[in-house]
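A short write-up of the structure that comes next.
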């Protein structure tokens, strides 16, 4: 029966300096997650900067468009003041009628 004793698994209480295969996989997974996190952060920052730049450009374009219309209205008002007053009165009358119906 001495042979059956050698076939049984014996737990070892000795720890080695070498990490187990599972520990290595966990470390590698952790490193991969850190790298993925950095890459995701960088991509999101790039998109945020691009969105901000697009927003600023749209705002500037809008300001330019408004300024162009303001200049056109001002020019038309100076060239034909009576017509401008009549148009403004007509717009005011239409708005007054529409708002009074509420």
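The values are calculated or read from the model by the stated rules, or taken from the named source; none is laboratory data. Model, not experiment: these values are computed from the prediction. Note: ideal-geometry Cβ built from the backbone for every residue, glycine included; neighbour counts use all protein chains shown.
Regarding residue 54, is this residue at pLDDT 95 or above, in a helix (DSSP H, G or I) and surrounded by 10 or more Cβ atoms within 10 Å (Cβ to Cβ)?
yes
Can we say residue 27 is in a helix (DSSP H, G or I) and surrounded by fewer than 10 Cβ atoms within 10 Å (Cβ to Cβ)?
No; evaluated as a whole, the condition is false for this residue.
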